[in-house]
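A.B. asks: Okay, handing you the structure first.
The values are calculated or read from the model by the stated rules, or taken from the named source; none is laboratory data. These figures come from a predicted structure and were not determined experimentally. Counting neighbours? That spans all protein chains shown, and the Cβs are built from the backbone with ideal geometry, glycine included. For accessibility, only protein heavy atoms count, side chains too; no ligands or nucleic acids. Shrake-Rupley method; radii C 1.70, N 1.55, O 1.52, S 1.80 Å.
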Amino acid sequence: MRLKYISILLLFIISTSEIQAGNRSAKTSLKGIITDKNTHQPIYNASVYFPDLQRGTTTNSDGVYSISDLPKTTVTIQISCIGYRSITQRINLSQVNELNSSLETTIIELNEMVITGQSTSSESQRTPSPIHVVSTETLEQTTSTNIINAISKQPGISEITTGGGISKPVIRGLGYNRVIVLNDGIRQEGQQWGDEHGIEIDEYSVSKVELLKGPASLTYGSDAMAGVINLISDPNTPDSTIRGRVSMNYQSNNGLWGGSVILNGNTRKIVWGAQYSTKSAHDYRNKYDGAVYNSRFSEDAFNTHIGINRSWGFSKLKFSSYHFTPGIVEGERDSATGKFIKPIAVNDSTASDEIVSNSDGNSYSFQTPHQEIRHYKAVLNNLFILGNSALKTTLGWQQNQRKEFAEILDKDNYQLYFLLNTVTYDVKLDLPENKWVNLTIGTNGMWQKSENRGEEFLVPEYSLFDFGFYVIGKKSYRKLDLSGGVRYDIRNIDGEPLFLNDNEEVVAETDANATTKFRQFSSKYTGFSGSLGATYPLFENTHAKLNISRGFRAPNIAELGANGVHEGTIRYELGNVRLKAESSTQLDLGLLLEYSHFSFEINGFYNQIQNYIYLEKVANRAGSDSIIDGNSLFTYTSGNAQLFGGEITTDFHPHKLEWIHFENTFSLVVAKQANRPDSATYLPFTPATKWMCTLRVTKSSWGKHFSKLFANVELEYYFKKENVYLANNTETPTPDYGLVNLNAGTDFRLGKKWSVTLVASMNNLLDVAYQSHLSRLKYAPENYVTGRTGVYNMGRNVSVKLIVPFDVR
């Protein structure tokens, strides 16, 4: 029945595409000149872009641009150039064929375009929900090991880490299945329920990131209770161009070698592109642990796309393949020396341990235990212009293969193997703009099937189907912008039973020696979501925001049915099929001030969550840890939670000192439970308070060959985390620490057509030994020689990054 619904949806998309094939005559063009507002001189290489159409071009040396084959409809246009304040406006292309603009120089820019998934694109300052944009330049200037690590310094954003290669996003204290990661227009679906299950997306393929902080269940349904991280690939190249880029990166601490090559083209009728990326790293180091054994990883990724752009809209098909192999850090040590130990095979039937040698830490080869993840994805994105309406459709297929190899005597065969297939769909209709309200109606959801193909089991096989329907409205009344909507969701999840004999082999329920590993269950969850918000310019350069929203999240498969040792997290997990769906009510308040030499933004929130689900360590009758299979037992439980806090961002640029910036961000979240004893008052595994302070020096050019020069010194300070979940020793406090980072770079011009971007950085300059509060390795075994518990984060790391863009035509 569910496949029938998906088939009907596919037929609808195809039939709509056929209808639009005859709608190509309603087309127009747009041209104009972009100049400097003060000097009136033309601006070269300014970007003119239509986000909803995924079309754009750049100005020539005379500041002139022209783009043809556009639909006769109302769209958002963004005109931007580095060093200038962007212009964003709605224009009716059936009435406007020429648009000349003057850009004003600026040092501080906060009004970047965002794509929120609502009816149209809009500026962040006119969107009630708190949104932060991480630009291409920021990503290029950041040293990281994966894309979540690259954005983790942003206000309100944190990461759960398991070694150097695995990071999971946390927004305002909420992570796992409460954060949706979007890529290519669809939600990334791997194994988000696991601590050591990262995001299977190539860092080099991301051009820009939009961070939506706050419940986004209205647009995206269950799992968007904390917010959305939208990872955006390179925009289409201008008509009749072929452009490429080669990127290379080396990091000293873990010997990381990374590189990527991308080539995109646009023949006016066809857009196409391909990219290949690779990374490889040995074990990372810190001054307390030395080389952290088995923290190595490797990554290979490939993606390609082809599409068409017409006056009726566009259609684009993209395929990607991602292969990631990380080691699993267990943190076991020799009791006499405190050094890490590794498993070895003495012979075919006998396993033992030996102390890790110095050369082991420099090895790039896979060791036991380790994971192997393959993720395949195909996405079809469409936009159909229906007069003054627009129909947007996205259909995606993903397959996630996750294997774990943990037996030294059988190291070539996997023990755990999760095979997850996911089909997602999203259909959205933007109705014609009118003087009353601009409406968007839509439906989206997904179908999932997960299989266990290994010989060990952590969660049951399951199937999942959900469906959601929503209506979103926008209204502008003079300077006041209003937006809101309602949504209804249904999610069904069915867990399959599993029976094992005394040898842990799968048997039928009727077998005399059968014991129940997983019980069969069928759960149905429904929920309403909604949002209502407003933005208003109190003064010319001051905007106020207010938003109230309701979110919804159904329990995931681990929370409902887990029963086994979770490798890499050092615990035995037990699910609870009686858990109810979470529901949240959140209030957001924001104030933005933006002037030529100073900007200030403050966002505060209060979030109340009913049936908040979390992991709790289980104590035995003696009050110590309950142990199963050599690991502490954790079980999923729930309670009513309150989270509040916010972010403050400032950027000061002194008058007449065009080369200096002083930037600060401050992020705070307090997460508590109601009516619980003191030891269980605070929610477990929420981030520490964070302060980022940056002194930045910039220079637009130097001589004939250097441009976009920058250098900064950064203090990354995390306050002591004392308000933790102490019950049953579930969580331990974390001391404060500060990291000093240096960063510098420039563009080096080689003639008129070639340029090279060079970025050098040094993270953790003082080689501080620290443990992030959200590091899973913090709970690794104790080093009895030093008395320190767990594994520490990466020490000093020098990075060199080289980016070479080029034009073929």
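A.B. asks: Given contacts defined as C-alpha pairs under 8 Å and at least six residues apart, what's the relative contact order of region 459-550, whole-number percent?
C.D. replies: On the way: 192 pairs, mean separation 25.3, N = 92.
Once normalised by length, the contact order is 28 percent.
A.B. asks: Okay, moving on. Taking N as the number of residues in region 420-542, what value does Rg over Cα atoms divided by 2.2 N^0.38 Å take? Show your work: numbers first, answer last.
C.D. replies: Values: Rg = 23.8 Å, N = 123, 2.2 N^0.38 = 13.7 Å.
For region 420-542, the normalised Cα radius of gyration comes out at 1.74.
A.B. asks: Still on this structure, please answer the following. Against the longest alpha carbon principal axis of the chain, how many degrees, from 0 to 90 and to the nearest 10, is the axis of helix 2-20 turned?
C.D. replies: 20
A.B. asks: Loop only by DSSP, 14 or fewer other Cβ within 10 Å of the Cβ. Give me the trypsin sites (Lys or Arg not before Pro) in region 423-453 that pass, ordered by residue number.
C.D. replies: Working: sites: Lys428, Lys435, Lys449, Arg453; in loops: Lys435, Arg453.
Within region 423-453, the qualifying trypsin sites (Lys or Arg not before Pro) (loop, at most 14 other Cβ atoms within 10 Å) are Lys435, Arg453.
A.B. asks: So, one more: Rounded, prolate or oblate: which fits region 532-600 when a ≥ b ≥ c are the square roots of the eigenvalues of the alpha-carbon gyration tensor, with rounded for a/c under 1.5 and prolate only if a/b beats b/c? Show your work: numbers first, answer last.
C.D. replies: Working: a/c = 7.81, a/b = 2.48, b/c = 3.15.
Taking the square roots of the gyration eigenvalues as a ≥ b ≥ c, region 532-600 is oblate.
A.B. asks: Let a ≥ b ≥ c be the square roots of the eigenvalues of the Cα gyration tensor of region 240-368; is it rounded (a/c under 1.5), or, if not, prolate (a/b larger than b/c) or oblate? Kindly include the intermediate steps, with their values, before the conclusion.
C.D. replies: Numbers: a/c = 4.52, a/b = 2.87, b/c = 1.58.
Taking the square roots of the gyration eigenvalues as a ≥ b ≥ c, region 240-368 is prolate.
A.B. asks: Just going by the charge dipole of the chain, with Lys and Arg at +1 and Asp and Glu at -1 on Cβ, which of Ala711, Ile91, Gly473 is farthest out on the positive end?
C.D. replies: It is Ile91.
A.B. asks: Pick out, from Val64, Leu587, Leu139, the residue whose Cα sits farthest towards the positive end of the charge dipole of the chain, with +1 on the Cβ of Lys and Arg and -1 on the Cβ of Asp and Glu.
C.D. replies: In the chain, that residue is Val64.
A.B. asks: From the list (1) 163; (2) 149; (3) 193, can you say which value of volume of the Cα convex hull per residue in Å³ was derived from the structure given?
C.D. replies: Checked against the structure: label (1).
A.B. asks: Here's another thing I want to ask about it. How much area per residue is accessible in region 342-466 when the probe is 1.4 Å and only protein heavy atoms are counted (Å²)? Walk me through the intermediate numbers first.
C.D. replies: Numbers: 5240 Å² over 125 residues.
Heavy-atom SASA per residue in region 342-466 reads 42 Å².
A.B. asks: Once you order the gyration tensor axes a ≥ b ≥ c over the Cα atoms, which shape class does region 143-284 get: rounded for a/c under 1.5, otherwise prolate or oblate by comparing a/b with b/c?
C.D. replies: Numbers: a/c = 2.39, a/b = 1.21, b/c = 1.97.
Oblate is the answer for region 143-284, as a/c is 1.5 or above yet b/c matches or exceeds a/b.
A.B. asks: Please list 137-143, 490-496 highest first by mean number of surrounding beta-carbon atoms within 10 Å per residue. Walk me through the intermediate numbers first.
C.D. replies: Details: 137-143: 17.0, 490-496: 18.9.
The packing order, highest mean first, is 490-496, 137-143.
A.B. asks: Considering only protein heavy atoms and a 1.4 Å probe, what is the carbon-and-sulfur percentage of the accessible area of the chain?
C.D. replies: Details: 18490 of 33770 Å².
Within the chain, the accessible surface is 55 percent carbon and sulfur.
A.B. asks: How large is the helix-only mean residue ellipticity at 222 nm for the chain, computed as the sum of -39500 (n - 2.57) over DSSP H runs with n ≥ 4, divided by its residue count, in deg cm²/dmol to the nearest 500? Write down the numbers at each step before the final one.
C.D. replies: Details: 5 runs with 38 residues, N = 809.
Computed ellipticity for the chain at 222 nm equals -1000 deg cm²/dmol.
A.B. asks: Right, next: Please give the per residue accessible area of region 681-769, computed with a probe of 1.4 Å over protein heavy atoms only, in Å². Display every interim value, and only then the final one.
C.D. replies: Numbers: 4530 Å² over 89 residues.
Accessible area per residue: 51 Å².
A.B. asks: Can you give the accessible area per residue of region 270-314, in Å², using a 1.4 Å probe?
C.D. replies: Numbers: 1370 Å² over 45 residues.
Here the residues of region 270-314 average 31 Å² of exposed surface.
A.B. asks: Taking the Cα centre of region 584-699 as origin and charging only Cβ (+1 Lys, Arg; -1 Asp, Glu), how large is the dipole, in debye to the nearest 20? Show your work: numbers first, answer last.
C.D. replies: Details: 8 positive and 11 negative charges, 42 e Å.
Computed charge dipole of region 584-699: roughly 200 debye.
A.B. asks: Could I ask something else about it? Taking the highest mean first, how do the peptides 767-776, 556-565 order by number of other beta carbon atoms within 10 angstrom per residue? Display every interim value, and only then the final one.
C.D. replies: Numbers: 767-776: 19.7, 556-565: 23.1.
Top to bottom by mean Cβ count within 10 Å: 556-565, 767-776.
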